[in-house]
Amino acid sequence: MTSCHIAEAPIKKVAIFGGTHGNELTGVFLVKHWLENGAEIQRTGLEVKPFITNPSAVKKCTRYIDCDLNRIFDIENLGKKMSEDLPYEVRRAQEIYHLFGPKDGEDSYDIIFDLHNTTSNMGCTLILEDSRNNFLIQMFHYIKTSLAPLPCYVYLIEHPSLKYATTRSIAKYPVGIEVGPQPQGVLRADILDQMRKMIKHALDFIHHFNEGKEFPPCAIEVYKIIEKVDYPRDANGEIAAVIHPNLQDQDWKPLHPGDPMFLTLDGKTMPLGGDCTVYPVFVNEAAYYEKKEAFAKTTKLTLNAKGIRCSVR
């Protein structure tokens with residue numbers, strides 16, 4: 001019944017970001033293609049804008065120029081007085097904020113899809129920032145169902161102390177799309193196809209929603225971040241052990257207490273402590289060596305969404 005559904009405002013403006021990290025090439029390649037020929041991403045009554053977020057990093061095929069663009073969309077950086085002395089990405093963040101934000105502003109974008117690659121074996125991953133967002137849980141359920149039997153995981157980065165300040169966070173509905181494994185500076189056809197399908201299904205969901213389709217209550221399985229785990233280090237702060245072969249490429253798989261995590265050069269195994277099973281993600285991600293993150297521990301839980309419908313038909 002209609003009365004059981006939450007009425008949400010129609011979606012009018014959508015942005016698709018590629019090149020937030022300039023060496024994650026699937027999003028760069030797709031966005032450049034859609035800038036030339038965007039027919040496949042257009043939907044009736046919907047403005048869809050593909051956009052290269054970090055063109056200087058894309059040109060150099062590097063993650064960033066001065067600092068990570070995907071970690072600086074906070075009040076402090078966005079509020080700094082514009083100056084040539086600011087790091088390039090901070091200046092770029094302010095430009096992006098004025099073009100696409102602010103969140104819930106009259107002319108701001110309703111949804112931002114931010115396209116990323118990972119060197120980790122994470123497959124198709126949707127990144128969720130708010131566990132109470134009925135609209136996005138419904139969208140993710142639709143994407144997961146449409147991709148099946150291809151797995152699609154949901155990574156929930158809601159955390160009391162870990163603040164990301166992502167590029168997409170300036171939208172009412174921020175969506176991170178992460179597909180791997182793919183080396184930095186490389187394009188793989190299978191990864192490109194998977195990301196392309198994820199965007200197609202997401203835009204189809206928005207179109208159906210705007211056209212008046214009612215989505216009944218649903219539930220999705222998500223992996224919520226608990227903490228980030230650094231590599232073991234010596235007295236000089238150098239890495240003293242590597243990801244254990246039993247953990248390598250085992251993203252989303254259960255890691256039990258006592259299971260191997262790291263392996264030292266002299267063959268010593270360092271196991272998971274504690275008494276809780278966790279689910280590792282971003283295992284041995286190349287870009288996270290500088291962030292001192294070997295992997296992130298997550299816990300698996302279920303999120304429920306109320307039924308939704310568009311408030312205007």
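In segment 52-103, the qualifying residues are those that are under 17 Å from Gly18 (Cβ atoms), β-branched (Val, Ile, Thr) and assigned to a loop (DSSP other than H, G, I, E, B), and the one that is nearest to the chain's Cα centre (by Cα) is Thr53. Answer yes or no as to whether Cys67 is surrounded by fewer than 18 Cβ atoms within 10 Å (Cβ to Cβ) and either closer than 20 Å to Thr302 by Cβ or touching a Gly at 6+ places or on another chain (Cβ under 9 Å) (or both). Taking the combined requirement at face value, the residue does not satisfy it. Kindly check whether there is at least one residue in segment 231-250 that is of a type in the set (Asp, Glu) and part of a strand (DSSP E or B). Taking every residue of segment 231-250 in turn, none turns out to be of a type in the set (Asp, Glu) and part of a strand (DSSP E or B). The C-beta contact set for segment 179-195 (first residue farther than 15 Å from Asn121 by Cα, second residue charged (D, E, K, R) and open to solvent by less than 40 Å² (accessible area, probe 1.4 Å), distance under 9 angstrom, 6+ apart or interchain) comprises Gly185/Glu24. Checking each residue in segment 109-142 for being more than 16 Å from Gly27 (Cα to Cα), part of a loop (DSSP other than H, G, I, E, B), polar (S, T, N, Q) and open to solvent by 10 Å² or more (accessible area, probe 1.4 Å) picks out Asn121, Ser131, Asn133.
So, in segment 266-313, how many residues would count as being among the hydrophobic types (A, V, I, L, M, F, W, C) and either farther than 20 Å from Glu158 by Cα or in a loop (DSSP other than H, G, I, E, B) (or both)?
Residues flagged as among the hydrophobic types (A, V, I, L, M, F, W, C) and either farther than 20 Å from Glu158 by Cα or in a loop (DSSP other than H, G, I, E, B) (or both) within segment 266-313 amount to 11.
Restricting the first member to segment 135-157 and to residues that are at negative phi, and the second to residues that are among the β-branched types (Val, Ile, Thr) and open to solvent by 10 Å² or more (accessible area, probe 1.4 Å), the beta-carbon pairs closer than 6 Å and six or more apart or on different chains are Tyr155/Ile127.
There is at least one residue in segment 21-30 that is open to solvent by 30 Å² or more (accessible area, probe 1.4 Å) and either modelled with pLDDT of 95 or more or touching a strand residue (DSSP E or B) at 6+ places or on another chain (Cβ under 9 Å) (or both).
I want to confirm something. Restricting to segment 10-36 and keeping residues that are outside any loop (DSSP other than H, G, I, E, B) and among the small types (Gly, Ala, Ser), which single residue is farthest from Ile170 (Cα to Cα)?
First, the residues of segment 10-36 that are outside any loop (DSSP other than H, G, I, E, B): 13-18, 25-36.
Those still in the list that are among the small types (Gly, Ala, Ser) too: 15, 18, 27.
Details: Ala15: 11, Gly18: 16, Gly27: 19 Å.
My answer is Gly27.
Annotation: Leu99 fulfils all but one of (1) closer than 20 Å to Val179 by Cα; (2) open to solvent by 30 Å² or more (accessible area, probe 1.4 Å); (3) of a type outside the set (S, T, N, Q); the unmet one is (1). Comparison of Ser169, Ser146 shows that the only residue that is in contact with a His (Cβ under 6 Å, 6 or more places away or on another chain) and of a type outside the set (Val, Ile, Thr) is Ser146. With the requirement that a residue be in contact with a strand residue (DSSP E or B) (Cβ under 6 Å, 6 or more places away or on another chain), open to solvent by 70 Å² or more (accessible area, probe 1.4 Å) and part of a loop (DSSP other than H, G, I, E, B), what does segment 206-230 give you? Within segment 206-230, Pro216, Pro217 meet the criteria.
Where residues in segment 270-302 are among the hydroxyl-bearing types (Ser, Thr, Tyr) and more than 17 Å from the chain's Cα centre (by Cα), which of them is nearest to Thr118 (Cα to Cα)?
Start the filter on segment 270-302 by keeping residues that are among the hydroxyl-bearing types (Ser, Thr, Tyr), which leaves 277, 279, 288-289, 298-299, 302.
Now drop any that are not more than 17 Å from the chain's Cα centre (by Cα), which leaves 277, 279, 289, 299, 302.
Details: Thr277: 24, Tyr279: 17, Tyr289: 13, Thr299: 20, Thr302: 24 Å.
Out of the qualifying residues, it is Tyr289.
Quick one: would you say Lys228 is under 30 Å from Glu8 (Cβ atoms) and among the basic types (Lys, Arg)? The answer is no for Lys228. As a summary of the residue check, Leu272 satisfies the conditions (1) surrounded by fewer than 19 Cβ atoms within 10 Å (Cβ to Cβ); (2) without any contact (Cβ under 8 Å) to a residue 24 or more places away in the chain except for the one numbered (1).
Just a yes or no: is a residue in segment 176-197 of a type outside the set (Phe, Trp, Tyr), in contact with an Asp or Glu (Cβ under 8 Å, 6 or more places away or on another chain), in a strand (DSSP E or B) and within 22 Å of Ile220 (Cβ to Cβ)? So far as segment 176-197 goes, yes, one or more of its residues are of a type outside the set (Phe, Trp, Tyr), in contact with an Asp or Glu (Cβ under 8 Å, 6 or more places away or on another chain), in a strand (DSSP E or B) and within 22 Å of Ile220 (Cβ to Cβ).
The values are calculated or read from the model by the stated rules, or taken from the named source; none is laboratory data. Keep in mind the model is a prediction, meaning the values are calculated, not measured. In this analysis, Cβ positions are derived from the backbone assuming ideal geometry, glycine residues included, and neighbour counts consider all displayed protein chains. Ligands, DNA and RNA are stripped out before the accessible areas are found, and what is left, the full protein with its side chains, is counted by its heavy atoms. Shrake-Rupley method; radii C 1.70, N 1.55, O 1.52, S 1.80 Å.
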